[in-house]
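Everything below concerns the one structure shown next.
The values are calculated or read from the model by the stated rules, or taken from the named source; none is laboratory data. Because the structure is a prediction, the values reported are computed rather than measured. Counting neighbours? That spans all protein chains shown, and the Cβs are built from the backbone with ideal geometry, glycine included. We work out accessible area using only protein heavy atoms, side chains counted, and drop any ligands, DNA or RNA first. Shrake-Rupley method; radii C 1.70, N 1.55, O 1.52, S 1.80 Å.
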Amino acid sequence: MSDSEEESPDRQLKLVVLGDGTSGKTSLATRFAQEAFGKQYKQTVGLDFFLKRITLPGNLNVTLQVWDIGGQTIGGKMLDKYIYGAQGVLLVYDITNYQSFENLEDWYNMVKKANEESEIQPLVALVGNKIDLEHMRTVKTDKHQRFCQENGFSSHFVSAKTGDSVFLCFQRITADILGIKLNKAEMEQSQHVVRAELVKYPEEDNQHYSTANCQSKICSVQ
Ligand SMILES: Nc1nc2c(ncn2[C@@H]2O[C@H](COP(=O)(O)OP(=O)(O)OP(=O)(O)O)[C@@H](O)[C@H]2O)c(=O)[nH]1
């Protein structure tokens with residue numbers, strides 16, 4: 001390999017995921033880092049770590065260290081230390097749980113306190129999770145947008161369950177931290193396509209579904 005072909009070392013970034021218990025922080029980190037989702041709730045005690053390497057346009061490799069902080073740590077002594085040194089903070093709430101949105105004010109205050117003495121402030125992203133439960137939404141999108149505008153947060157809506165926009169969310173945050181602009185095509189490429197299997201009804205039942213007869217067994221919902 002010639003000198004010019006040598007890969008430059010990965011950039012390393014620390015991202016901290018904060019928010020109330022059950023807002024979906026572990027699910028979000030697991031979906032992003034392992035492309036998996038578990039329905040069963042298991043409370044995070046303290047914190048968990050995830051590592052994921054992504055490549056941004058221009059062949060820039062970035063290793064993301066994702067710190068998934070348990071929702072119960074809000075009153076604890078360790079929280080400052082967990083947050084300290086992060087280049088990015090994801091404030092996560094559940095769009096069907098208004099309290100989880102309201103409590104982000106407290107979480108954000110903890111971020112400001114932890115970085116009081118540091119010269120560089122982390123980039124903060126507001127993440128509304130569980131958009132697969134849109135019909136149960138209790139936090140209006142204009143409330144979300146206002147909170148972003150008032151504090152200079154970037155805005156994201158995701159579903160850890162379906163994977164909708166999860167990769168895009170982490171990609172956009174990483175690009176913002178590194179000052180890289182993603183174009184529309186690059187962002188569209190990162191949009192997750194949800195694949196839903198269609199139920200195949202027995203022949204005799206098909207009469208009831210004659211107008212909705214699908215040619216393909218797979219439906220792509222974007
Ligand atoms: N429908 C739906 N459920 C979700 C989604 N994300 C997480 N959940 C469910 O919400 C519950 C809580 O998810 P967790 O990821 O454990 O929440 P957490 O924020 O890490 O909770 P703590 O560990 O207590 O801080 C689990 O039952 C998940 O399966 C989502 O996008 N959609």
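Overview of values
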read-out	value
Efficiency of FRET from Cβ geometry, Glu188 and Glu102, R₀ 35 Å, rounded to 0.05	0.60
Sparse-neighbourhood loop sites, GluC sites (Glu not before Pro) in region 1-95 - DSSP loop, at most 14 other Cβ within 10 angstrom	Glu6, Glu7, Glu35
Cα-Cα P(r), region 148-189, percent of pairs per 5 Å interval	5, 21, 25, 27, 16, 5, 0
Cβ-defined net charge surrounding Leu28, 15 Å radius [Lys, Arg +1; Asp, Glu -1]	+1
Of all DSSP beta bridges in region 11-190, antiparallel share, percent nearest 5	30 percent
By accessible area with a 1.4 Å probe, ligands and nucleic acids excluded, highest first: order of Arg11, Arg172	Arg11, Arg172
Most to least packed among 93-102, 73-82, 177-186, 158-167 [average Cβ atoms within 10 Å]	158-167, 93-102, 73-82, 177-186
Dipole of region 11-190, positive direction: furthest Cα of Gly70, Gln34, Ser159, with charges on the beta-carbon	Gln34
Within region 85-197: Cβ-based charge dipole about Cα centre, in debye rounded to nearest 20 (Lys, Arg +1; Asp, Glu -1)	240 debye
Length released on extending from Met78 to Gln149, taking residue separation times 0.36 nm less the Cα-Cα span	22.6 nm
Kirkwood hydrodynamic radius of region 11-190, Cα pairs, Å	16.3 Å
Pair Asn61, Asp176: separation of 7 Å Cα→Cβ label points (nm)	2.7 nm
Nitroxide proxy distance, nm - points 7 Å out along Cα→Cβ at Gln43 and Arg11	3.8 nm
Potential lengthening between Lys140 and Gln121 on full extension [0.36 nm per residue; Cα-Cα distance subtracted]	4.0 nm
Cross-link pairs Lys81/Lys181; Lys52/Lys77; Lys77/Lys181; Lys113/Lys143; Lys42/Lys140 - those with Cα-Cα distance over 26 Å	Lys81/Lys181; Lys52/Lys77; Lys77/Lys181; Lys42/Lys140
